[in-house]
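Values in this text are rule-based calculations from the coordinates and carry no lab data. If you're wondering where the values come from, they're calculated on a predicted model, not measured in any experiment. In this analysis, Cβ positions are derived from the backbone assuming ideal geometry, glycine residues included, and neighbour counts consider all displayed protein chains.
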Amino acid sequence: MPTQSVDGITINYLLTGSGPLTLCLVHGSGGSTLAWVRQLEGLADAARVVALDLPGHGDSAGEGSRSIDDYVSVVKAFVQAMRLGRVVLGGHSMGGAIAQATALAHPDLLSGLILVGTGARLRVLPRILELIASNYAEGCAFVNAYAFSPAASEALKEGAKAAILRTRPQVTHGDFTACNAFDVMDRVGNIRLPALVICGRDDRLTPPKYARFLAQRIPGARLVLVDKAGHYVQLEQPEIVNAEIREFLETLTSTLSAGGSPSEPIIRLLA
């Protein structure tokens, strides 16, 4: 698999597709590029799509972090090292926190924002932190039990559990610690980028009220709630999610092609 050196750390990534826009995707706690496999497959004709393994995750080197801001630095350095230009940054769960923090700190890096199964604040149940630290397999099973809609297949649930078990316990615990400290509720309204917010109606980890808050606070943001989907909405209902992302990218492309900026014109179009 291709890799990129970022601040001396070897970062694994997957890259598909081509197009006028680059969609950069960031996974959640204990995750990897596998969280985006259906988007890498399904959106290759709509954009250049790149998904990275954060340090300590998937096939990337490094030790992970206990800070969202640290991960923001990694994403920024990755985008610059890969010479991706301005990207549409998509994030799932913790990746959504990273995307929001990047939009606030480095808006010049981005042309748009896609927030999937996430929130402006991500408090973690103390029981999750306790189990991840003391009994990793049980902790992963506990999280997995809340992560999916009742409509999800057993194969999908087992695949997600196996994926997080591949990540070292200390890395996943650091991720949940980072999420627990994340809170931009009083600042998220300062984001001035086109934004798409997606959440499964059956999401019990980051429930729809989190998504509604984001859509209400980010000017012009579009909210999509997906039936028969939980926290891993992009894997549970990939056709719906991909169609919504495709429409968002097409609207953004049209606006930029017409000479608009990445913010105000598309905000009016999507409102």
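Restricting attention to the stretch 74-96 and to residues that are in contact with an Asp or Glu (Cβ under 8 Å, 6 or more places away or on another chain) and under 29 Å from P207 (Cα atoms), the residue that is surrounded by the most Cβ atoms within 10 Å (Cβ to Cβ) turns out to be M94. One residue stands out in the stretch 29-63 among those that are in a loop (DSSP other than H, G, I, E, B) and among the aliphatic types (A, V, I, L, M): the one that is surrounded by the most Cβ atoms within 10 Å (Cβ to Cβ), namely L54. For the stretch 181-189, the count of residues that are touching a residue at least 40 places away in the same chain (Cβ under 8 Å), part of a helix (DSSP H, G or I) and more than 19 Å from the chain's Cα centre (by Cα) is zero.
Keeping to the stretch 105-142, report how many residues are of a type in the set (V, I, T), part of a helix (DSSP H, G or I) and either surrounded by fewer than 24 Cβ atoms within 10 Å (Cβ to Cβ) or touching an Asp or Glu at 6+ places or on another chain (Cβ under 8 Å) (or both).
Our first condition is that a residue be of a type in the set (V, I, T); within the stretch 105-142, this holds for 114, 116, 118, 124, 128, 132.
Those left that are additionally part of a helix (DSSP H, G or I): 128, 132.
The next check asks that each one be either surrounded by fewer than 24 Cβ atoms within 10 Å (Cβ to Cβ) or touching an Asp or Glu at 6+ places or on another chain (Cβ under 8 Å) (or both); those that pass are 128.
Residues in the stretch 105-142 being of a type in the set (V, I, T), part of a helix (DSSP H, G or I) and either surrounded by fewer than 24 Cβ atoms within 10 Å (Cβ to Cβ) or touching an Asp or Glu at 6+ places or on another chain (Cβ under 8 Å) (or both): 1 in total.
Output the residues belonging to the stretch 180-200 that are of a type in the set (D, E, K, R) and more than 28 Å from A243 (Cβ to Cβ). Before the answer, list the steps.
So in the stretch 180-200, the residues of a type in the set (D, E, K, R) come out as 183, 186-187, 192.
Selection gives D183, D186, R187.
Taking the criterion of being hydrophobic (A, V, I, L, M, F, W, C), part of a helix (DSSP H, G or I) and either out of contact with any helix residue (DSSP H, G or I) (no Cβ under 6 Å at 6 or more places or on another chain) or within 20 Å of L40 (Cβ to Cβ) (or both), the residues of the stretch 64-104 that qualify are V74, V75, A77, F78, V79, A81, M94, I98, A99, A103, L104. May I ask you to list the residues in the stretch 143-158 that are in a helix (DSSP H, G or I) and either touching a residue at least 40 places away in the same chain (Cβ under 8 Å) or farther than 17 Å from R38 by Cα (or both)? Hits for the stretch 143-158 are V143, N144, A145, Y146, A147, E154, L156.
When you go through A229, A211 one by one, which is the residue that is hydrophobic (A, V, I, L, M, F, W, C), touching a residue at least 24 places away in the same chain (Cβ under 8 Å), surrounded by 24 or more Cβ atoms within 10 Å (Cβ to Cβ) and over 21 Å from C24 (Cβ atoms)? If you could, list the steps in order and put the result at the bottom.
Working: A211 fails: over 21 Å from C24 (Cβ atoms).
Being hydrophobic (A, V, I, L, M, F, W, C), touching a residue at least 24 places away in the same chain (Cβ under 8 Å), surrounded by 24 or more Cβ atoms within 10 Å (Cβ to Cβ) and over 21 Å from C24 (Cβ atoms) holds for just one of A229, A211, which is A229.
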